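Chemist: First, the structure itself, so that you have it in front of you.
The values are calculated or read from the model by the stated rules, or taken from the named source; none is laboratory data. Just so it is clear, the model here is predicted, and its values are computed rather than measured. Positions of Cβ are backbone-derived with ideal geometry, glycine not excepted, and every protein chain shown enters the neighbour counts. The area values use the complete protein model at the heavy-atom level, side chains included, leaving out ligands, DNA and RNA. Shrake-Rupley method; radii C 1.70, N 1.55, O 1.52, S 1.80 Å.
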Amino acid sequence: MVFPEVELSAIGRKQTPVRFGGGERLLNTMAWRFKVSKFKNATPKFPKKEELIQEVPVGNPSYSCGNHIKASCVYMVFNVDTTNGGSLGYLPLNAQGRIGSDLCYIHAHGEFVSDYDFSPFDDYMLASGAYDNTIKVWLLPEEFVRGSVTDPVLSLPTQNHRIENVLWHPTAEGVLSVSTDKSIKIFDVAAGKENYANNVHGDQVQSISWKSTGSVIASTCKDKHLRLLDLRGNAVVQETEGHQNVKDTRVLWLGETEYIFSTGFNRNQQREYKLWDIRAFQSPLVTSDAQGNGTLMCFYDEDTKMVFLAGKSDSSIKFLELTEKSPYLTEGMTDHTEQIKGAALVPKRAMELMSGEVDRLLLLARQSIISVPFIVPRKSYRDFHDDLYPETACGEPALTAEQWFSGEDNVVAKVKPTPNKPLVKHERRGLLLGNGTKYSYSNQEEIAVSKVEVTVKPSVTAPKPAVQQKNPAVTPGAQDSKRVTSPSSTNIPTSKVNLNGLLETQQPPAEPAENPAKIIKAFKGVHQSKLRYVIGKTLHPSTHITNIKNLCKTIPGESDFFVANNHRCAVPLEGAGGIIAILELTQPGRLGNTIEEMPTIQNGSKVADFVWDPFDDFRLVVACDNARINVWKIPPEGLPVGPSQDKPEFYLRGHSEKVYFVRYHPLVKDILMSSSYDMTVRMWNLSTKSEVMQLRGQEDQVFCIGWSPCSKLCATVCKDGLIRVYEPRKSPDPIRQGKGPDGSRGARVLWVLDGHYLLVSGFEKTSNQQLIMYNAETLQVLNTVEVERNPSILIPHYDEDTSVIYLHARGERTVDNYEVCDESPYLFPNTSINLTSLHQGLVFVPRNKLDVAAVEVARAWRLTNNTVEPVSFTVPRVRTEYFQDDLFPDTRVTWEPALTADQWLAGQNTKPRTISLRPVGMKLLSEAPLEEPKPKKYESYNPSVYKSDEQKKDELMTAIVGKLELSSEPLPQDLAEGVEEDEWVCDD
C-alpha cells in the first residue's frame, strides 16, 4: 500500500513534505512522533518588578540535597540567611511586594535546614530536617499573621547523621521518608516512630522520589548508582549505574509511568540529564548535556507531562515534554531570569484556571522570590478551557499509615478541575496521633498578634460586566474563601492587603471581614519551652581579664579545666610544679606578659584537677599527680604579684596513684570526694582532715561523681561501661548499677528533675558525643541524643529552676542547651548559642547574681585562649518592667551549706532554704494588667470602624480650626532683637 505525499506543516516545526510508506503501523508511529501538543507553546509569564517578592534575606544557602524552597496551595517556605541557617521564612503563596522586616520565620532547628516538604494532604503541615540530625513536623498558622512559629507539633527520633532529604508519601497520610547518610528511613508520623530503614547504599543518599502509587521509591547515591527500592520489603527491586560523578544528583519518578528522570554530572564534570525506562533499566533512553555547573533541579507535572529544569546558580529555566514514544523528551522554551538559588513547583490545585495557567514555578533568587506561571496562549480567556485541565489529584489521602505499612497500595482519587469548585483546602486536617489526639489550631492558648504587613496578590480578578451575567469563576488559588462571594454573585471586588495591613476593595463586600487582630493559640499537648531562644552575648570588654599567657591545655578530661566563684577564678598555667593563676574577677584589665607578673600558687607536682569550696570563696582544693590533695587558703585581699606561693594550708594523703578529680558535696560543708588511678573513690572530711570512707565496686577508672538533690545518694560513671548509684552513709557498695556510655573517653553525670532522673554526657563506641537520660530508680535508658560535633567531653551545667542543661566543650565556640522534662523524649533541644571565639571552659554563677530586671536567666565566666570574660544569657521579653516570675521561681540557696559534715555523717537530712529573686518594688508579670487593644484604624471594608463622609468632614474642619486659633501672644519674629529702623543708612 502506498500513501500519498502528506505535508505536516500544521503539526511539525519544519515545513517539509514527508512521504510515508510501509503500511499503517509506520503511519501510526510517525503520527505519534509529530503529535500536536496543547502545552508545547506554554509560555512563562515573568512578573513585573513591583510584583516580585523583594527584600527577602535569602543570601547563599549552604550546600544540601534540598531545593531551598517549597510550596503548598496556601504557603511558600524557604531558607533564609540567619546565623546558623536553622530558620525558615514563610509567606502566603500569592504574596508580592517588599517584605523586609515583616518576614515571618519558622525557628526550626539549631543548624542549617537541609530539606523540608509540605504534606500533599494538608497545606499547612510541613516536615523539616537539618544538619543537627533532627526531624520536626510543623503546623503553620491558619491565617497569615505577624510572628514566628517556634514550637513543632512533633519531633521525631534524632538520627546519628545529618538529614539530607525529607519527602512525604504520595498516597498514605502521615508516612514520611527521610534520607540520612547511607540510609532511607520511613517514619509513622502519627506514632512518632521509625518503622523501616534501608541501608543498601554504599555512600550518601543524594535524592529520593516516590512513584505516585507509593509502592516503590527511587534513589540516587554518591556511589554513582540509581536504585529502585521496596522499603516495606527492605529489598532492592532494580539497580543500575547512574551518573559517573560524585557531584550532586537528582532523581524524579515521572508519575505513574515506568519512566524515571535523573540529573547529574558525567566523568568530565559536565552536567547532564537522563531518562530511564525501568523495563530496560540497564541503559538510559535519553542522555543529554545541559550547560552549567550547579545542581540541576527537576520537577514534573503528571497532568501535562511537562518536565521543568532549573539549575542552582543558573539564570535560565526550560521545560521538556514527555512522550511514550521516541524521541521521549521534546524540548520546549528556555527563558532567562535572575540567578537561581532554589526552585519549587506549586501544586496543581492552586492554579488560576481562568487565565490558562497550567503550571507555576517559584524561583528563589538572592534577595527575591519570583513566581513564574506557565500560560497556554489562547485567543480569549473569557470561557474556561476545559481541555487544558485533565483530572488531577484531589488532595485527599488514599490510605492511612496503618494500611500502607500493612502492605496495601492505592492511588489518590482524582477530580476534574472546574472554576466554580476550588480545590484548595483551607481547613487544616491537623495531625492524628496514635492515641487518638489530634493537633489542630482550635486547641491552642491565646496569643494576640497582628496582621503581617505584606501585599497579597489578588487571586480573583474582577470580571468584565458582560461576563458577570454568566457564572464568574472563583479560582482555586484564592487565599481566603471568606472574602470571595459565591460563584453566582455578580459583585466580586478586586482585593489586596497593602503594606499597612489594610484590605483595599473597589467596593465594600456584602459581608464584613474578620478583625485583622487575629488570635493565635499555642499547641495544646506539645511541649512549650520558654527558654527555646536564649540569647547569649559577651559583656563589655571593660569587664574582661586579658593577656593570659602560657595557658596549660594538658589538664585531663575529667577536670572542668576552669573554676570561678564570686570573687576570683583559677586558671592552670604551663610550667614546672603545677602552677595555677588566681585572678581577681573584681579587678579586670590586662595582665603582665610573664608568669611572675601574675598572682600564682605552685603545687609541687603537675595539676590534674582543682575546685573552689562552694561555701568558702577563699578555699581552693587541688588534685596532683603525686597522689596528694592540696588545700589552699587564699587571703581575702587576694594573692600578691610576684613569686608563686608554694605552701598550702594543708594536704590530704591516702591515694596511692595520681588523683584526677575532686568534687565537693553541693549541700554539706567540708565533704570532699576524690578519685585516683588506684581505682578508689574516697570521701574526706576537711574539718577533721581525715578520710571518711571508700566507695567499692569500681573495676576501672571513675570518670565523674554526681550528688542527688536530697544529698543522700551519689552516682558514678566508670570506664568499665557501668553507671552506679550509692547511698554512702549506709553502705560503700552500690545499691544499683546499669549500663553507661559505651565510649571510654570520659563522661559526666548529673541528677535532674528533683533527682528522679540521671543525665549522662559521654561518648558512643565511635567516639561521637552523646547525652543519655536515665530513670534514676531503675537506671533504664529513656532517651539517647547523638551530638557528634567535637572530640572533647561535653561538660553540663544544670539549672534546676528552669530545668535547662547548658553544654560546652573545650575548643569550641558553641553553648548548646536542652530543656529536660518528665515526658518523652525527655530532652528538648533549644537554640544553640554561638559565641565569637573558642573557649576552654565555662563556670556558671549562682542565681542570686543574675540581673533579673534584664531577664538574665544565666551568667557564666568564660575562659578563652587568652582572656576571662563574662557571658550573659537572656530571654527576650516585651514587658521587662515586670518581674518575670515564670522564669524566676524561688531558688535554692546553694551558696550556704544546709548541714555540717558531722551532722550529715550522723544521718541528718534537710533541704536548703529558698529565697525569691524578685527585686524590691518590682511587680509580678503574672499580676500585670492585660494590655488594652490598640485603637482600630480606619478600614474601608470593616463597618465597625467605617467613617461616613460627614464624620471625616467634621474631623478635617476641627483640625483646621485648631491650627487657625487666634492668640493675643506676639509672633516669634516680633520678639527678635535687631537694628532700629532709624539706624538704617541708605547710600545714594
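Chemist: Considering only C-alpha atoms, what is the centroid distance from the range 282-355 to the range 680-734, in Å?
Modeler: 66 Å
Chemist: Sorted by accessible area (1.4 Å probe), largest first, how do Asp733, Asp890 line up? Could the numbers behind the result be given before it?
Modeler: Details: Asp733 60, Asp890 95 Å².
Ranked list, largest accessible area first: Asp890, Asp733.
Chemist: Now a separate question. At 0.36 nm per residue, minus the direct Cα-Cα distance, what do Arg382 and Asp289 gain on full extension? Give it in nm, one decimal, please.
Modeler: 29.3 nm
Chemist: Using a simple charge model, +1 on the beta-carbon of Lys and Arg, -1 on the beta-carbon of Asp and Glu, nothing else, what dipole does the range 281-365 show about its Cα centre, in debye to the nearest 20?
Modeler: The calculation lands at about 200 debye.
Chemist: Just how large is the dipole of the range 799-886 about the Cα centre, in debye to the nearest 20, putting +1 at every Lys and Arg Cβ and -1 at every Asp and Glu Cβ?
Modeler: I would put it at about 500 debye.
Chemist: With r as the distance between the Cβ atoms of Asp851 and Thr546 and R0 = 35 Å, compute the FRET efficiency 1/(1 + (r/R0)^6) and round to 0.05.
Modeler: Calculated transfer efficiency: 0.90.
Chemist: If you average the alpha carbon positions of the range 373-408 and of the range 162-215, how far apart do those two centres end up, in angstrom?
Modeler: What the calculation gives is 24 Å, centre to centre.
Chemist: Still on this structure: Using protein chains only and a probe of 1.4 angstrom, how many square angstrom of Val251 are accessible, to the nearest 10?
Modeler: Result for Val251: roughly 10 Å² accessible.
Chemist: How much length would be gained if the chain were fully extended between Glu896 and Met693, taking 0.36 nm per residue of separation minus their Cα-Cα distance, in nm to one decimal?
Modeler: Full extension of this stretch gives 70.6 nm more.
Chemist: If I model a spin label at Asp617 and Gln270 as a point 7 Å from the Cα along the Cα→Cβ vector, what separation in nanometres do I get?
Modeler: If labels sit at Asp617 and Gln270, their model points lie 7.4 nm apart.
Chemist: Cα gyration tensor of the range 631-715, axes a ≥ b ≥ c as square roots of the eigenvalues: rounded (a/c below 1.5), prolate (a/b > b/c) or oblate?
Modeler: Prolate.
Chemist: Find how much the distance from Ile535 to Thr914 grows on full extension, using 0.36 nm per residue of separation minus their present alpha carbon separation; answer in nm with one decimal.
Modeler: Gain on extension, Ile535 to Thr914, equals 133.8 nm.
Chemist: Taking the alpha-carbon centroid of each part, what is the distance from the range 771-847 to the range 592-610 in angstrom?
Modeler: 31 Å
Chemist: Over the heavy atoms of Ser542, what accessible area does a 1.4 Å probe trace out, to the nearest 10 Å²?
Modeler: 80 Å²
Chemist: How do the peptides 819-832, 622-635 rank, highest first, by the average count of neighbouring beta carbon atoms within 10 Å per residue?
Modeler: 622-635, 819-832
Chemist: Suppose every Lys and Arg Cβ carries +1 and every Asp and Glu Cβ carries -1, with no other charges. What dipole size does the range 721-847 come out with about its Cα centre, to the nearest 20 debye? Before the final figure, lay out each step's value.
Modeler: Numbers: 12 positive and 16 negative charges, 117 e Å.
It works out to roughly 560 debye.
Chemist: Which links in Lys182/Lys318; Lys318/Lys341; Lys70/Lys193; Lys40/Lys305; Lys211/Lys274; Lys136/Lys530 stretch past 22 Å when you go from one Cα to the other?
Modeler: Too far apart for the 22 Å limit: Lys182/Lys318; Lys70/Lys193.
Chemist: Taking R0 as 60 Å, what's the FRET efficiency between Leu956 and Asp801 from their Cβ-Cβ distance, rounded to 0.05?
Modeler: 0.55
Chemist: Which one of Ser316, Trp404, Thr330 is farthest out on the positive end of the charge dipole of the range 308-408, using unit charges on Cβ (Lys, Arg +1; Asp, Glu -1) and the Cα centre as origin?
Modeler: Looking along the dipole axis, the top candidate is Ser316.
Chemist: A further question follows. Given Thr716, Gly755, Pro741, which one lies farthest toward the positive end of the charge dipole of the range 682-839, if we put +1 on the Cβ of every Lys and Arg and -1 on the Cβ of every Asp and Glu?
Modeler: Of Thr716, Gly755, Pro741, it is Thr716.
Chemist: Another question, if that's okay. Shape verdict for the range 40-98, please, from the Cα gyration tensor: rounded (a/c under 1.5), prolate (a/b greater than b/c) or oblate.
Modeler: It is prolate, given that a/c is not under 1.5 and a/b is the larger ratio.
Chemist: Taking a probe of 1.4 angstrom, what is the accessible area of Met683 in Å², to the nearest 10?
Modeler: For Met683, the solvent-accessible surface is approximately 0 Å².
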